[in-house]
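Notes for the one structure printed next.
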Amino acid sequence: MLRTVGLAKGFAGRSVLRGVDLEVASGEVFGFIGPNGAGKSTFLKCLVGVVRPDAGEAEVAGVDAIRRPLEVRRRVGYAPGETALYHRMRAGEHLNFAVSFHPDGDRRRGRALLAELGVPAGRRVGRLSHGMKRKLLIAQALACRAPVLLLDEPLAGLDPEARRTVVGLLRREAEAGTTVFLSSHDLAGAERLCDRVAFLRAGRILAAGPVAELLAGAERTLIVELRVDLPRHRLPRRPGWEWIGAGRRWRLRYPGPLERVLPGLAELPLAALRPLGAGLEELFEDLYGPEDRKEQA
Amino acid sequence: MSLVRQYLRDTLWVAVGYFVLMAVALAAAILYWPDFRDNLPSIVKLLPFDALRELVAGIERFGYWAYFAIQQDFKGCSLFGLAAVALFGSGVVAREADQKTAEFLLSRPVSRTRILLVRFATAAVLVLAPVFLTSLGGMWLSPVVGERLAPGPVLAAAAYLGLFLLMQLAFCVWLSAGSEHQLRAGVILIGIMLFQFALYLVKGVGDWTLYALVDPSRLGPIQAGRFPWREAAGFAAATIGFLLLAIRRFARRDF
């Protein structure tokens with residue numbers, strides 16, 4: 001339903017996307033996770049033709065997104081960031097405006113979604129809270145009745161109750177066969193919502209796969225922090241062990257129970273040792289450096 | 001239709017204001033005509049530039065028609081019309097970039113060419129409707145000061161000035177298609193036109209400016225049925241040229 005090969009884009013000599021390869025199946029909920037500036041929004045913009053990629057291929061709902069962006073936009077319900085809204089319009093009017101361009105746009109459904117999400121249709125967009133604006137964007141994307149939903153940070157700024165409602169709505173859409181592609185900072189929400197995720201950093205995908213698989217991998221990973229820099233050849237080796245990292249900070253992937261691993265690490269000058277954990281949050285922390293984490297926070 | 005309504009939401013009241021200004025300025029000028037006519041020799045002595053003296057000489061030659069054309073077409077359209085062109089034209093694309101709404105609009109299933117052309121057409125109506133309406137209103141008001149204007153020349157002069165304004169509008173849309181800020185596109189257009197007008201007032205250079213194409217030397221003969229077709233065709237060609245460039249610029253732009 002959605003496929004990109006080597007998608008690349010740069011602005012003023014700075015590479016934002018560096019050859020992104022992705023494939024998302026029909027009816028799947030796919031999360032694109034990464035810190036600010038990772039290229040998530042640019043990727044979404046490339047898919048709908050707001051930004052023209054420098055290289056690569058992109059296909060959405062069977063249509064070449066580079067050569068026929070208009071055709072793609074007919075098959076996509078798109079929710080950009082909240083700053084993209086017309087602040088002088090009323091919420092209901094904004095919804096009608098957005099939906100009016102879509103061949104299968106359904107205003108009645110849009111109004112019903114606004115009511116379900118608690119967005120006052122008569123209030124000016126500029127006077128809505130961040131969460132309300134986000135809900136308006138989600139409602140207009142869903143009201144387009146498109147086979148593909150592209151949502152930029154749909155869970156940002158939502159309170160826990162609203163987040164539950166939106167997660168439920170998007171899951172229902174996916175169950176009905178709609179492909180949902182979203183970018184997110186909200187790792188907990190993405191973990192609940194997505195079938196598969198990809199972690200993006202500086203325009204490159206660091207890891208991708210089914211959430212359950214990634215988390216299972218994370219369950220058998222230790223974060224090993226050392227007091228001194230050690231090269232790889234000085235680290236202990238055991239069958240099935242895989243060391244990832246450099247200097248003082250390493251990740252150890254191991255098979256079997258943790259108890260069997262610990263004796264093998266006894267000789268190392270350990271500063272800290274902790275399991276990677278079993279959530280996307282922990283996986284994110286492991287994949288990204290401290291600067292990325294600070295930015296994300 | 002949605003595109004038109006959405007564009008009008010931000011511009012309609014400005015268009016009404018522009019129409020009122022044009023109408024009030026022309027009505028005041030028409031009602032002042034008897035005093036102006038009676039004091040023409042004294043007024044000529046007060047004028048600081050040769051170019052302005054030549055304008056008034058045009059009035060002496062062509063009478064009330066030239067006075068009406070200068071007030072409505074040369075002054076009214078060039079002043080208020082230019083302001084309207086700058087306001088409406090600069091907003092066609094740059095307003096979306098300025099307000100960060102471009103991503104929303106451009107992610108709808110509508111082509112950039114259509115967005116640009118629909119907005120250009122809407123802006124053209126907003127700019128030109130007051131020109132024609134006030135010209136017809138001036139024709140209706142003229143008998144109050146004992147003068148009569150034939151509708152043919154009045155509408156022909158309005159059409160000629162309309163083409164002049166359309167050319168500026170298309171140029172402004174081209175600026176807007178490449179600009180991050182609406183204000184910048186508008187200011188550049190006004191700056192260029194003011195510079196043109198300043199040059200127009202300089203003897204010997206004035207004939208080579210855009211304003212020489214809309215002064216009494218071109219407008220006066222319209223009363224006698226001599227429409228400046230060559231200049232009008234030039235305005236139309238420039239309008240199409242700027243529009244094509246604007247479409248190209250908009251199509252290649254990332255937001």
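No lab work stands behind these numbers, since they all come straight from the coordinates. Only a predicted model underlies this, so the values are computations on that prediction, with no experimental measurement involved. Because the Cβ atoms are built from the backbone with ideal geometry, glycine has one as well, and the counts that use them run over all protein chains shown.
Observations
- Taken about its Cα centre, segment A:2-209 carries a charge dipole of about 720 debye when Lys and Arg each add +1 at the Cβ and Asp and Glu each add -1 at the Cβ.
- Note that segment B:14-61 carries a Kirkwood radius of 12.3 Å, evaluated over its alpha carbons pair by pair.
- Considering only chain A, percent of DSSP beta bridges that pair antiparallel, nearest 5: 65 percent
- DSSP-defined antiparallel bridges as percent of all bridges, the protein assembly as shown, nearest 5: 65 percent
- For the options B:106, B:26, B:141, a Gaussian network treatment of chain B with springs between C-alpha atoms closer than 10 Å singles out B:106 as fluctuating the most.
- Residue (of B:18, B:7, B:143) at the positive-pole extreme of segment B:1-146, dipole from beta-carbon charges: B:7
- Principal semi-axes in Å for the protein assembly as shown [√(5λ), Cα gyration tensor, largest first]: 65, 24, 18
- For chain A, calculated [θ]222 nm from helices alone, where every DSSP H run of n ≥ 4 adds -39500 (n - 2.57): -9500 deg cm²/dmol
- Whole-angstrom gap from segment A:24-94 to segment B:77-116, using each part's C-alpha centre: 22 Å
- Acute angle (nearest 10 degrees) that the helix A:91-100 long axis makes with the longest principal axis of chain A, alpha-carbon atoms: 90 degrees
- Positive-end residue of A:55, A:246, A:272, charge dipole of chain A with Cβ unit charges: A:55
- One way to sum up the overall shape of segment B:2-251 is the equivalent ellipsoid from its Cα gyration tensor, whose semi-axes run 35, 19, 16 Å, largest first.
- Charging the Cβ of each Asp and Glu at -1 and of each Lys and Arg at +1, and nothing else, the dipole of the protein assembly as shown about its Cα centre rounds to 340 debye.
- In terms of other Cβ atoms within 10 Å, A:241, B:13, B:174 run from fewest to most in the order B:13, A:241, B:174.
- Going by neighbour counts of Cβ atoms within 10 Å, the residues A:133, A:40 line up, fewest first, as A:133, A:40.
- When each of A:129, A:41 is scored by the number of other beta-carbon atoms lying within 10 Å, the sequence from fewest to most is A:129, A:41.
- Span-rule helices in chain B, defined as complete DSSP H runs reaching 30 Å or more along the axis (Cα) with Kyte mean at least 0.0: B:2-38, B:112-141, B:151-178, B:229-251
- Cβ neighbours within 10 Å from other chains - mean over A:96-103: 4
- Residues considered: B:178, B:146, B:63. Largest GNM mean-square fluctuation over chain B, using C-alpha springs under 10 Å, is found at B:146.
- If you model segment A:2-209 as an ellipsoid using its alpha carbon gyration tensor, with each semi-axis the square root of five times an eigenvalue, the axes come out at 26, 18, 17 Å, biggest first.
- Peptide B:54-60 has a mean of 0 when you count, residue by residue, the C-beta atoms of other protein chains within 10 Å of its C-beta.
- For segment B:185-251 and segment A:101-134, distance of Cα centres in Å: 46 Å
- GNM top mover of B:211, B:18, B:32 - chain B, alpha-carbon springs below 10 Å: B:32
- In a simple Cβ point-charge model (Lys, Arg +1; Asp, Glu -1; nothing else charged), segment B:2-251 has a dipole of about 660 debye relative to its Cα centre.
- Convex hull volume of segment B:58-103 per residue (C-alpha atoms, cubic angstrom): 51 Å³
- Here residue B:203 is the anchor, and the aspartates and glutamates within straight C-alpha reach of less than 12 Å, apart from those fewer than 8 places off in the same chain, are B:50, B:54.
- Between 0 and 90 degrees, the angle of helix A:130-143 with respect to the longest Cα principal axis of chain A falls at about 70 degrees.
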